[in-house]
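Participant: After the structure tokens below, expect a handful of questions from me.
Just so it is clear, none of the values below were taken in a lab; they were calculated from the coordinates. All figures in this text were calculated on a predicted structure; none of them were measured in a lab. So basically every Cβ, Gly included, is an ideal-geometry build from the backbone, and we count neighbours across all protein chains shown.
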Amino acid sequence: MAVKPRFAKNKNSDATLLNWRKIIPAPVIVIKAEEPLFADRAVALLRKQLLAKDPGTEVTLLEAATYEPGQLGVAVSPSLFSESRFVYIPQVEQASTAMVADILNYQKNTEPEVTLVLRHNGGNGARKLLTDLQAAQIPFYIAPKLNNDSERIKCVLDEVRAAGGRIDNDAAALLVAALRSELPEILAVANQLVGDYPGEIITSEIIEEYQAGKKEVDGYEVVQAAIDGDLAKALTDLRHALACGITGPALTGAMAFKLRQLAKVSTIPRRPAADMGMPRFIIDKTRASLRTWTEAALREAIKACATADAEVKGESRDPVYALEKLMITVATRARNL
């Protein structure tokens, strides 16, 4: 029998919200994703727990924007072999009236081997759904936004400790001040430093050396890391590439090129190399990357790339954030999160 998690009050909400790090399987779960990185980790942690219990767990992704009535019922219906199922709706704030109705009906009579995860990314969409689920005492987890440097510094200290490393307070503060970027990159660098300096205390001198000695990378290294699902490397290399003068349109162009290769190889897997216009080693490498991709994930990555391309060409006031968002989307979809 699962241990019921302890509830904690969040200062920004009247609802009882749980720490995302303590997430455990339940018939229906809501994740309030203020910080996308923490929300991604919560989903990954939950999926890991389910797969550890049953390696045959079936994973289903339902898109709120394209939902049709009855899809949830199909996804949660008992299978012939009674394996567990993990049903994930990553943007429930976009839920249609039909999806809201299906979710509310389902939560009244859930299936025993199903974990339904609803991720809400903010805004006023599906507010009634959240209110009704709160009233039904569905567990809500918070992936909180860190609003100031003190919270980010504490997060770096916790991250390094969790990775088995050590960092002093001054070094953590310097890292946060030096990067001044989105949290995913700060934590990616923290993890990289733990790997680069095993057994050592990470000091301010090490942070300064890291900042001064950034290696040059090209756009295709950044893109390949994201396509391989290595979010930490993709975000770290992205910052280095931008510091080396690589432009946003060059990076989105490289991403589009790589995604087209994935799409081309996935649709015609047995076509001769000469007919595909690619060297054999490129085809083999692309097929290796495809092992962690689904058709739906590839479609979403292509859409995200098109959006980011428009944003770095003038539609966004923050093109760096647009690129980081693209790398996060591609890397998480590469891991089917």
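Participant: Just the Cα atoms of the range 149-212: what Rg and Dmax do they give in Å?
Facilitator: For the range 149-212, the Cα radius of gyration and maximum Cα-Cα distance read 10.1, 27 Å.
Participant: Within the set of other residues whose C-beta is less than 10 Å from the C-beta of R299, count the net charge using Lys and Arg as +1 and Asp and Glu as -1.
Facilitator: -1
Participant: Give the residues of the range 138-166 whose amide nitrogen is closer than 15 Å to a point set 7 Å from the Cα of L104 in the direction of its Cβ.
Facilitator: 138
Participant: Rank by packing, highest mean first: peptides 233-242, 196-205, 149-158, 246-255, with packing defined as the count of other Cβ atoms within 10 Å averaged across residues. Before the final figure, lay out each step's value.
Facilitator: Details: 233-242: 23.1, 196-205: 13.5, 149-158: 17.1, 246-255: 19.9.
My ranking of the peptides, most packed first, is 233-242, 246-255, 149-158, 196-205.
Participant: OK, next. Tell me the mean residue ellipticity at 222 nm calculated for the chain from its helices only (DSSP H runs of n ≥ 4, each -39500 (n - 2.57), averaged over every residue, nearest 500). Mind dumping the intermediate values first?
Facilitator: Working: 15 runs with 181 residues, N = 337.
The helix contribution divided over the chain gives -16500 deg cm²/dmol.
Participant: Relative contact order of the range 149-212, please, whole-number percent, based on alpha carbon pairs below 8 angstrom and at least 6 residues apart. Show your work: numbers first, answer last.
Facilitator: Numbers: 63 pairs, mean separation 26.3, N = 64.
Here the relative contact order equals 41 percent.
Participant: Per residue, how big is the convex hull around the C-alpha atoms of the range 152-256? Give it to me in cubic angstrom, could you? Please list the in-between numbers first.
Facilitator: Working: hull volume 9.5 nm³, N = 105.
Here the figure is 91 Å³ per residue.
Participant: Still on this structure: Please work out the Kirkwood hydrodynamic radius for the range 8-143, using every pair of different C-alpha atoms, and report it in angstroms with one decimal place.
Facilitator: Numbers: mean 1/r = 0.0667 Å⁻¹.
After inverting the mean inverse Cα-Cα distance, the result is 15.0 Å.
Participant: Looking at the range 8-143, how many pairs of lysines come closer than 15 Å at the Cα, when each pair is eight or more places apart or spans two chains? Write down the numbers at each step before the final one.
Facilitator: Details: K9/K22; K9/K32; K11/K32; K22/K32; K22/K48; K32/K128.
Here the count comes out as 6.
Participant: Continuing with this model, one more query. Just need the relative contact order of the chain here, percent rounded to a whole number, with Cα pairs under 8 Å and 6+ apart. Each step should come with its number before you reach the end.
Facilitator: On the way: 484 pairs, mean separation 49.4, N = 337.
In percent, rounded to a whole number, it is 15.
Participant: Right, something else. Between the range 227-244 and the range 123-154, how far is it from one alpha carbon centroid to the other, in angstrom?
Facilitator: Result: 29 Å between the Cα centres.
Participant: Can you work out D for the chain in µm² s⁻¹ from Stokes-Einstein, where Rh is the Kirkwood radius over C-alpha pairs, the temperature is 37 °C and the viscosity is 0.692 mPa s? Before the final figure, lay out the partial values.
Facilitator: Working: Rh = 21.7 Å.
Taking Rh from Cα pairs, D becomes 151 µm²/s.
Participant: With N residues in the range 220-334, what two-decimal value do you get for its Cα radius of gyration over 2.2 N^0.38 Å?
Facilitator: 1.05
Participant: Right, something else. Taking every eigenvalue of the Cα gyration tensor of the range 94-180, multiplying by 5 and rooting it, what semi-axes result, largest first, whole Å? Mind dumping the intermediate values first?
Facilitator: Details: eigenvalues 304, 52, 19 Å².
Sorted largest first and rounded, they come to 39, 16, 10 Å.
Participant: With the crude spin-label approximation of a point 7 Å out along Cα→Cβ, what separation in nm comes out for R21 versus A65?
Facilitator: 3.3
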